[in-house]
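Reading through the C-alpha cells given below for one structure.
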Amino acid sequence: MTSIDSTDPCPLDPAQHVPVPLACRLLGGVSARWLWSATAPRGPIPCVRLGRRVVYRVADLTAFAEAQRVEADRRQGGAR
C-alpha cells in the first residue's frame, strides 16, 4: 500500500482508486461510517463498486475536500 508523505498533500495518482481505509485517511481521518454516509447516492462523494468492494478515486476525494474549504472573511471576524 502507498504511504502518505506529509511533504506532499496527495502523492497518489489522481486516477488511482483507493480502498475505504486509505480514503478515510486522505480526508483527514474521518471514520468509515462518516465516509459511507457521504458516499453517493446518500452524499456527494462518488465511488466505484466492484462487487461488494467499494473504492474511491483520489481525484474525487481531493475535489470533495477542496469544495469543503471555507475561507475566513475578515468582516466576519475570521483569522487574519
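Filter segment 26-54 down to the residues that are closer than 21 Å to residue 14 by Cα, under 12 Å from the mean Cα position of the chain (by Cα) and surrounded by 10 or more Cβ atoms within 10 Å (Cβ to Cβ) and list them by number. Talk me through it step by step, then tell me what you get.
Initially, segment 26-54 is screened for residues closer than 21 Å to residue 14 by Cα, giving 26-30, 32, 35-36, 38-40, 43-50, 53-54.
Those left that are additionally under 12 Å from the mean Cα position of the chain (by Cα): 26-30, 32, 35-36, 38-39, 44-47.
Matches in segment 26-54: 26, 27, 30, 32, 35, 36, 38, 39, 44, 45, 46, 47.
Cβ-Cβ distances below 9 Å connect the following pairs, each with a first residue in segment 47-73 that is touching a residue at least 24 places away in the same chain (Cβ under 8 Å), a second residue that is aromatic (Phe, Trp, Tyr) and open to solvent by 40 Å² or more (accessible area, probe 1.4 Å), and a separation of six or more residues or different chains: 54/36.
Restricting attention to segment 16-25, and to residues there that are aliphatic (A, V, I, L, M) and in contact with a helix residue (DSSP H, G or I) (Cβ under 7 Å, 6 or more places away or on another chain), which single residue is surrounded by the most Cβ atoms within 10 Å (Cβ to Cβ)? Walk me through how you get there before you give the answer.
Our first condition is that a residue be aliphatic (A, V, I, L, M); within segment 16-25, this holds for 18, 20, 22-23.
Filter once more, keeping what is in contact with a helix residue (DSSP H, G or I) (Cβ under 7 Å, 6 or more places away or on another chain): 18, 20, 23.
Numbers: 18: 18, 20: 16, 23: 23.
Looking at the filtered set, the residue picked out is 23.
Among helices (runs of 4 or more DSSP H) entirely within the chain, having at least 2 residues that are modelled with pLDDT under 85 and in contact with a Leu (Cβ under 6 Å, 6 or more places away or on another chain) singles out no element at all.
The values are calculated or read from the model by the stated rules, or taken from the named source; none is laboratory data. Everything numeric here is computed off the predicted structure, so don't read it as measured data. Cβ atoms come from the backbone with ideal geometry, glycine included; neighbour counts cover every protein chain shown. Heavy atoms of the whole protein, side chains included, go into the accessibility calculation; ligands, DNA and RNA do not. Shrake-Rupley method; radii C 1.70, N 1.55, O 1.52, S 1.80 Å.
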